[in-house]
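Comments concern the structure below.
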Amino acid sequence: MENSTQEFIKASFSRTLTENMRLWFKGIVEPIARFLNRLGITPNTMTMLGLIGNSIGAYFLATGDMRLGSIFILICTPFDALDGTMARLRGEVSEFGAFVDSVTDRYSELIVLGGLLVYFATLQDYFLVVLTYVAAVGSVMVSYVKARADSLKLNANTGILTRMERYLVLAPLLFFNQPEIAIWILAILANITALQRIYRVRKTVKSKV
């Protein structure tokens, strides 16, 4: 019993927060996904609703309404977990569906950061405009490094600020009207995460030599 507990804890630490959250909340996500399937809602519809909802949230962020914008982000970003689960339960999992889902996630994240960039530009705070751009670069690179590593059959699944962490940092801080703090954290830690993944790939490659 003790060994199995230790193995479970060790396995949890070896996974990213995104992977752990999917396992921990499986009992909640699956019943919701089944209910949505029974309503006749398709996984692609959920994917698009997530994109549209985040775009609306980004609009409110651009106008300075951080709380309302964050509410849309808080509600719509978890659709990412639902669409994949819905597709799996329907037996409609496909490579193209996973591809579209991943691309849509990147669009959603960049649109949200774009809303903040516009907001800082209207304040003429160009330092924060640049910092938001740096955060966007880091967010994209975190995903790109993993995707490129996966295509080479290498493991880059690590880092302190994967997508779930970025969501958990951004949405609550925006809700409490702290966009500057959110952008500072994303700009620094997202880029550190990208570097962590690059280093992980380098170690993996060297270990094969």
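Taken together, the values in this text are just the output of simple stated rules run on the coordinates, not laboratory data. Quick caveat: nothing in here was measured; it's all calculated off a predicted structure. Note that we place each Cβ from the backbone using ideal geometry, even for glycine, and neighbour counts take in every protein chain shown.
In the range 2-208, what is the volume of the convex hull around the alpha carbon atoms, normalised per residue and reported in Å³?
Per-residue hull volume (Cα only) is 135 Å³.
Quick check on the exposure proxy: order 148, 200 from fewest to most C-beta atoms within 10 angstrom.
148, 200
Within 12 Å, Cβ to Cβ, of residue 104, how many net charges do the neighbouring residues add up to if Lys/Arg are +1 and Asp/Glu are -1?
Local net charge: -4.
Using a Gaussian network for the chain with springs between C-alpha atoms less than 10 Å apart, which of these wobbles most: 167, 144, 133?
144
Test of understanding: in a Gaussian network model of the chain with alpha carbons linked when under 10 Å, which of 123, 131, 74 would top the mean-square fluctuation ranking?
123
Set the Förster radius R0 to 22 Å, insert the Cβ-Cβ distance between residue 150 and residue 110 as r into 1/(1 + (r/R0)^6), and round the FRET efficiency to 0.05.
For residue 150 and residue 110, the calculated efficiency is 0.60.
What ranking of 189, 110 emerges when the number of other C-beta atoms within 10 Å of each C-beta is taken as an exposure proxy, fewest first?
110, 189
Residue separation times 0.36 nm, minus the C-alpha to C-alpha distance between residue 34 and residue 140: what's the value?
Full extension of this stretch gives 35.0 nm more.
From the alpha carbon gyration tensor of the range 101-209, can you work out the equivalent ellipsoid semi-axes (sqrt of 5 times each eigenvalue) and give them in Å, largest to smallest?
29, 13, 12
Indicate the helices, whole DSSP H runs only, in the chain that combine a mean Kyte-Doolittle hydropathy of -1.0 or more with a Cα extent along their long axis of 20 angstrom or more.
Flagged H segments are 43-62, 95-122, 126-151, 179-208.
Just want the answer: with Cβ charges of +1 for Lys and Arg and -1 for Asp and Glu, which residue in 201, 122, 77 is farthest toward the dipole's positive end in the chain?
The one lying farthest along the dipole's positive direction is 201.
Among 176, 100, 112, whose Cα sits farthest toward the positive end of the charge dipole of the chain (+1 at Cβ of Lys/Arg, -1 at Cβ of Asp/Glu, about the Cα centre)?
Highest projection toward the positive end goes to 100.
How large is the dipole of the range 101-177 about the Cα centre if only Lys and Arg carry +1 and Asp and Glu carry -1, each at its Cβ, rounded to the nearest 20 debye?
With only Lys, Arg, Asp and Glu charged at Cβ, the dipole is about 240 debye.
Got the relative contact order for the chain handy, in percent, Cα pairs under 8 Å and 6 or more residues apart?
23 percent
Treating the beta-carbon of each Lys and Arg as +1 and of each Asp and Glu as -1, no other charges, what is the dipole magnitude of the range 2-208 about its Cα centre, to the nearest 20 debye?
800 debye
Springs between alpha-carbon atoms under 10 Å, Gaussian network over the chain: tell me which of 55, 139, 151 tops the mean-square fluctuations.
151
Helix-derived [θ] at 222 nm for the chain: sum -39500 (n - 2.57) over DSSP H runs of at least 4, divide by residue count, nearest 500?
Rounded to the nearest 500, it is -28000 deg cm²/dmol.
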